[in-house]
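Student: Shown below is the structure under consideration.
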Amino acid sequence: MVNDKKVLYSGMQATGNLTIGNYLGALKNWITLNEEYECFFGVMDLHSITIRQQPADFRKRARNLLALYIAAGIDPVKNCIYYQSHVSAHAELGWILGCFTYMGELSRMTQFKDKAAKHSDNINAGLFTYPVLMAADILLYQTDYVPVGKDQQQHLEITRDIAQRFNSIYGDVFTIPEGYYGKRGAKVMSLQDPSKKMSKSDENPNGSIYLMDDADTVLRKCKRAVTDSDSEIRYSEDKPGVSNLLEIYSACTGKSIEESEKEFDGKGYGEFKPAVAEAVNSVLEPMHKEHERILKDKSYLDGIIKENNEKARYFANKTLRKVRKKVGFTDIPH
Ligand code: TYM
């Protein structure tokens, strides 16, 4: 608890171009939940270097991402938006928790297996211990809820296991966090292959709607989206392409799947696909404008970064001090 509010923690990596999947699976829920909880949202730049980054481009992406959180509607005064690499407690707790995590557990992580297959020339130890650092991110802030997409569920489970293991040895040090998954959009699939998750690292750009895509590009991608041979607009397991579009439409408009099905009853893809594009654009366009405006205001953004970094450090160090004491490190002389 912070200020009598439960704590919510989440973040995104500063890699690739964010997709509508990132927005619907995570960011959108952050916006709806941020009034009710004490929120911390990190730009996960430590995690990002598990894949090689080009320094100048990386720096820019990280700043763009931070500005995007604000542009999407997160108030940086009420919420703590910060860079993970600015708070060294993340790396320190990550090391400590690594000593409470088993190789076997980490080897079972599907994201590790996927990324190792994708980057076979650079299967570094950071990629392997990635979930330990993620556990440290979450546990440092005594987090109650973690709003993420379904692809992060396994990482959430290992975080809980590590926290419970630590608590069973040292007493109640960490709050045991729970994942929070939105009702709609928790797993947005590729527009070109609806059996695969929509991903910012997809080689086929037509499979993903990027948050920075302009209206025409969104329309073109929606029109090209893979559907089925019949033209019925119905949510069903045997219609993964249409179901995915319905999911996107419903998440962007706030209408239920049933309402959306009814709206397009008897209509074909010719009407449905442009309507999906319009729904997506109505979310993206205001965000683009806001993003551009915020990025231009250098001193405003720098001020936010400085203030929130101090706030994040304050809370993170509180937990870290407790952990240091519990494991038996000697006090740091002042
Ligand atoms: P990342 O950067 O891959 O993704 C950011 C968020 O977007 C969600 N997401 C999706 N949701 C629905 N459909 C999709 N197709 C889709 N693709 C991505 C992800 O689930 C995530 O919520 N490991 C994390 C970053 C992280 C983190 C943390 C998150 C590091 N430490 C602590 C929460 C708490 C990641 O790689 O997310």
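Student: Label points 7 Å out from Cα along the Cβ direction at ASP230 and ASP302: separation in nm?
Tutor: My value for the distance between the label points is 6.2 nm.
Student: Pop a pseudo-label 7 angstrom from the Cα along the beta-carbon direction at both GLU178 and MET103 and give the gap in nm to one decimal.
Tutor: So the two model labels end up 3.6 nm from each other.
Student: Got a number for carbon plus sulfur as a percent of the chain's accessible area, 1.4 Å probe?
Tutor: In the chain, the share of accessible area belonging to carbon and sulfur is 51 percent.
Student: Follow-up question, since we're still on this one. Rounded to the nearest 500 deg cm²/dmol, what is the calculated helix-only ellipticity per residue at 222 nm for the chain, with -39500 (n - 2.57) per DSSP H run of length n ≥ 4?
Tutor: -16500 deg cm²/dmol
Student: Assuming a strict under-24 Å limit between Cα atoms, what lysine pair count do you get for the range 67-204 once near-sequence pairs (fewer than 8 apart, same chain) are dropped?
Tutor: Lysine pair count for the range 67-204: 26.
Student: With a Förster radius of 35 Å, plug the Cβ-Cβ distance of LYS262 and ASN3 into 1/(1 + (r/R0)^6) and report the FRET value to the nearest 0.05.
Tutor: 0.20
Student: Taking the Cα centre of the chain as origin, work out the dipole magnitude from +1 charges on Lys and Arg Cβ and -1 charges on Asp and Glu Cβ, in debye rounded to 20.
Tutor: 1040 debye
Student: Ignoring ligands, DNA and RNA, what accessible area per residue does the chain give at 1.4 Å, in Å²?
Tutor: Averaged over the residues of the chain, the accessible area is 48 Å².
Student: Starting from the 7 Å offset along Cα-to-Cβ, what nm value, one decimal, do you get for the label separation of ARG165 and LYS311?
Tutor: 3.3 nm
Student: OK, next. Starting from the Kirkwood radius over alpha-carbon pairs of the range 24-86, derive D by Stokes-Einstein at 37 °C in a medium of 0.692 mPa s and give it in µm² s⁻¹.
Tutor: Calculated translational D: 263 µm²/s.
Student: Kindly express, to the nearest 10 degrees and within the range 0 to 90, the angle between helix 240-253's C-alpha long axis and the longest C-alpha principal axis of the chain.
Tutor: 70 degrees
Student: Quick one: if the Förster radius is 22 Å, what FRET efficiency do ILE49 and ASP151 give, using the C-beta to C-beta distance and rounding to 0.05?
Tutor: Calculated value: 0.65.
Student: Determine the distance separating the Cα centre of the range 1-30 from the Cα centre of the range 276-297; give it in Å without decimals.
Tutor: 17 Å
Student: Same structure, new question: I'd like the FRET efficiency for GLU36 and ASP114, computed as 1/(1 + (r/R0)^6) with the beta carbon distance as r and R0 of 41 Å, rounded to 0.05.
Tutor: So the FRET efficiency works out to roughly 0.75.
The values are calculated or read from the model by the stated rules, or taken from the named source; none is laboratory data. None of these values were measured; they are calculated from a predicted model. Don't worry about glycine lacking a Cβ; one is built from the backbone with ideal geometry, like all the others, and counts go over all protein chains shown. Side chains are part of the model used for accessible areas, which takes the heavy atoms of the whole protein and leaves out ligands, DNA and RNA. Shrake-Rupley method; radii C 1.70, N 1.55, O 1.52, S 1.80 Å.
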